[in-house]
Amino acid sequence: MVNAGRAAFRIPWAVPNVGKEEASEVMDAMESGWLSMGTRVQEFEERMSEVAERPHAVAVSNGTVALDLALKVLGIGPGDEVIVPALTYIATANAVIYQGATPVFADVQAPSCGADPEEVAQKINPRTKGVLVIDYGGFPCDYSLLEDVCESRGIPLIVDGAQSLGSRFGGKSSLQFGSLSTISFHAAKTLTTIEGGMIFADDVETREQLRMMRNQGEAPQRKYHHAVLGYNARMSDLHAAVGLAQLRRLADILSRRRQIAEYYLELLTSVPGVRLEAGCGKNGGQGNDGRGEDCENGWFLFPVFVNHRDEIAARLAAAGVDTRVCYPMPVYRQESIRNYLRSESVEPCPVAEEITSSVLNLPMYHDLEKHDIEFVVEALAVAVRDVG
Ligand SMILES: Cc1ncc(COP(=O)(O)O)c(C=O)c1O
């Protein structure tokens, strides 16, 4: 999908940042004679646990599976409820449904787009067994308030950190928050293994459970002895090889995204009719949202908010600029989800409704040049002016 966009648009929405270093690392892995899960996966886990600032990391085949296993290891099951933000990718809610549990949607805060701690607190009831949040586009949630809510009610906070690489709150990586956190390494993500995911944990027992669950429930060092019901959720060494090559460039990958975002912000603040995210620490949008200087946006997405969004997106496409709407509706409106909701758990969330009708995600990728950004901003300014 990403490559098709590249061919069709002068400026695509996203371009994977993989090249010779990844290819050479994959070739080395191929020639090593060990292709499936092995030492490269282990090394990738060790390196990622440093990035996440968390003691343990378990690599799996994608970010959705990471969420599925995280909820399973916490014992979430039929009859339970898990609070999720109304504005997220479908996989967050799907993971709850896979457990036979019900997702209960909390509204988000504008314009940071993260779960609103007050809404979360209001939705907690005796059936609530978890609160699963995301950092929309890399903008960190208010983890201090979310932790207070969850700790005071004795409910685990879980961070779906699929979009959280480079996001920091209170001076800590977002992936350090929650009982467990997860990440996705899909090709469109800031750091990719093409497909892949990971779960971050604090204790050895949880790590061992997760390792068994990703490998058909096989007990450690006991080939073909299966202690728990598991899956094939393994990552291959070839995928880990791509991730290891990417990790060597991580500082550059993150700082490039920050520079791109800062240039967008500089140009867009003077464009009438385009609203931006709140400020986050030193690298923010309009104003400060009160999260303080220690907060950092990882800039997975670059969202703007406009009236007549669909018409503006069509005009940008005609001008050669690809965009995305992340996401076109609150998750509780998705057809696939509606059947699984308890009727009392589907109150509309007004902030998520407003965001999903106005959000437009501009091109954001490593090789986006200054003149590309100027082109996008100019095309957006013209579209907003003409659509009125
Ligand atoms: C918030 C969120 N959660 C989960 C996922 C699922 O990750 P994956 O595509 O690796 O399964 C994604 C992927 O885009 C995501 O954005």
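Electrostatic bookkeeping for SER24 treats Lys and Arg as +1 and Asp and Glu as -1; over the other residues with beta carbon under 15 Å from its beta carbon, the sum is -2.
With a ≥ b ≥ c the root eigenvalues of the C-alpha gyration tensor of the chain, is it rounded (a/c under 1.5), prolate (a/b larger than b/c) or oblate? Display every interim value, and only then the final one.
Details: a/c = 1.81, a/b = 1.22, b/c = 1.49.
Because a/c hits 1.5 or more and a/b fails to exceed b/c, the chain counts as oblate.
Summarising the overall dimensions of region 20-248 from its C-alpha atoms, the Rg and Dmax are 17.3, 56 angstrom.
How much of the DSSP bridge set in the chain is antiparallel, in percent, rounded to the nearest 5? Working shown, then result.
Details: 21 of 40 bridges.
Of all bridge pairs located within the chain, approximately 50 percent are antiparallel.
Per-atom-type breakdown for region 249-387 gives carbon and sulfur 49% of the accessible area (1.4 Å probe, protein chains only). When the square roots of the Cα gyration tensor eigenvalues are ordered a ≥ b ≥ c, the ratio a/c for region 13-102 is 1.5 or more and a/b exceeds b/c, which makes its shape prolate.
Pairs from the table (LYS172/LYS223; LYS20/LYS189; LYS20/LYS370; LYS123/LYS189) lying more than 28 angstrom apart at Cα are LYS172/LYS223; LYS123/LYS189. Would you kindly calculate the mean projected area, averaged across all directions, of the convex hull enclosing the Cα atoms of region 249-387, in square nanometres? Projected over every direction and averaged, the Cα hull of region 249-387 covers 10.4 nm².
What the phi angles of region 372-380 give under the Karplus curve with 6.51, -1.76 and 1.60, with θ = phi - 60°, is a coupling list of 5, 4, 4, 5, 4, 5, 5, 4, 5 Hz, glycine and proline written as x. Largest first, the residues SER343, SER24 sort by 1.4 Å accessible area into SER343, SER24. Ellipticity at 222 nm from helices only: DSSP H runs of n ≥ 4 in the chain, each -39500 (n - 2.57), divided by the residue count, give -12000 deg cm²/dmol.
Straight Cα distances below 21 angstrom link LYS72 to the lysines LYS129, with same-chain residues fewer than 8 positions distant left out.
Taking all protein chains into account, the per residue accessible area for the chain stands at 41 Å² (1.4 Å probe).
Quick check: at a probe of 1.4 Å, how many percent of the accessible area of region 20-248 sits on carbon and sulfur atoms?
Details: 4410 of 8600 Å².
Carbon plus sulfur share of accessible area: 51 percent.
Looking at the square roots a ≥ b ≥ c of the eigenvalues of the Cα gyration tensor of region 155-276, which shape do they give, rounded for a/c under 1.5, prolate if a/b is larger than b/c, or oblate? Present the calculation step by step, with values, prior to reporting the outcome.
Values: a/c = 3.02, a/b = 2.06, b/c = 1.46.
The shape class here is prolate.
The values are calculated or read from the model by the stated rules, or taken from the named source; none is laboratory data. Fair warning: this is a prediction, and the values are worked out from it, not measured in the lab. FYI the Cβ positions are ideal-geometry reconstructions off the backbone, even for glycines, and counts take in every protein chain you see. Calculation scope for accessible area: heavy atoms of the full protein, side chains included, ligands and nucleic acids excluded. Shrake-Rupley method; radii C 1.70, N 1.55, O 1.52, S 1.80 Å.
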